[in-house]
Amino acid sequence: LVDVPGRGKMVVDIAYGGAFYAFVSAEKVGLDVCSAKTRDLVDAASAVTEAVKAQFKINHPESEDLSFLYGTILTDGKDTYSEEPTTNICVFADEQVDRSPTGSGVTARIALQYHKGLLELNQTRAFKSSATGSVFTGKAVR
């Protein structure tokens, strides 16, 4: 449970796919990832990132250099498998917005969905960027 100033307490998932990201449905911060203004999404994601950094220590098991939260990915909350793309926006580093669904973020999101039993091995899922509409696909293989 993370206490995000001005937004309240919420469950935030943290997953790794080349970098650590916090994942939260945009709905939990009062926004729609598909229709909200980018600035509003950036502000919300940045608030989540700062709250997680202040309240939790991130540890990578093999490399101290990777032991930090790179950013927050706000999602449409559609984590259960579907053939339809699930949409997200990745806000990373110094409030930068990735134009794509984010390679390391998609990898982390796949790992998280697999871990929660929402995605099976070798089940391809599509991920769409709310910033540009670009789509990545991926799957858990082992």
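The values are calculated or read from the model by the stated rules, or taken from the named source; none is laboratory data. The structure presented is a predicted model; accordingly, all values stated were derived computationally and were not measured. Because the Cβ atoms are built from the backbone with ideal geometry, glycine has one as well, and the counts that use them run over all protein chains shown. Each accessible area value is taken on the protein alone, full model and side chains, heavy atoms only, with ligands, DNA and RNA left out. Shrake-Rupley method; radii C 1.70, N 1.55, O 1.52, S 1.80 Å.
Residues in the range 23-28 carry Karplus couplings, in order, of 10, 8, 5, 4, 4, 5 Hz; the curve used is 6.51 cos²θ - 1.76 cosθ + 1.60 with θ = phi - 60°, and Gly or Pro positions show x. Within the chain, the longest run free of GluC sites (Glu not before Pro) that sit in a DSSP loop with at most 10 other Cβ atoms within 10 Å is 1-61. With the alpha-carbon atoms of the chain aligned to their principal axes, the span from lowest to highest coordinate is 39, 38, 24 Å, starting with the largest. The phi-based Karplus calculation (6.51 cos²θ - 1.76 cosθ + 1.60; θ = phi - 60°) puts the 3J(HN,Hα) values of the range 117-122 at x, 8, 9, 8, 4, 6 Hz, whole numbers, x for Gly and Pro.
Amide H contacts of Asp98 (H built 1.01 Å from N, in plane; Pro and chain starts excluded): Cys90, Phe92 sit under 5 Å, all sequence-distant by 5 or more or on other chains.
Per the Debye calculation on the range 1-51 with a single equal scatterer at every Cα and no solvent contribution, log₁₀ I(q)/I(0) for q = 0.14, 0.16, 0.28 Å⁻¹ amounts to -0.33, -0.44, -1.16. The 3J(HN,Hα) values that the Karplus relation (6.51, -1.76, 1.60; θ = phi - 60°) gives for the range 67-72 are, in residue order, 8, 7, 7, 7, x, 10 Hz. Gly and Pro appear as x.
I'd like the per residue volume of the convex hull spanned by the Cα atoms of the range 80-130, given in cubic angstrom.
Working: hull volume 3.8 nm³, N = 51.
Considering the Cα atoms of the range 80-130, their hull volume per residue is 75 Å³.
Note on surface exposure: Arg7, Arg109, Arg99 rank Arg99, Arg7, Arg109 by accessible area, highest first, 1.4 Å probe.
Work out how much length Glu50 to Thr137 would gain on full extension: take 0.36 nm times their residue separation and subtract the Cα-Cα distance, in nm to one decimal. Show your work: numbers first, answer last.
Values: separation 87, 0.36 × 87 = 31.32 nm, distance 2.90 nm.
Value of the extension gain: 28.4 nm.
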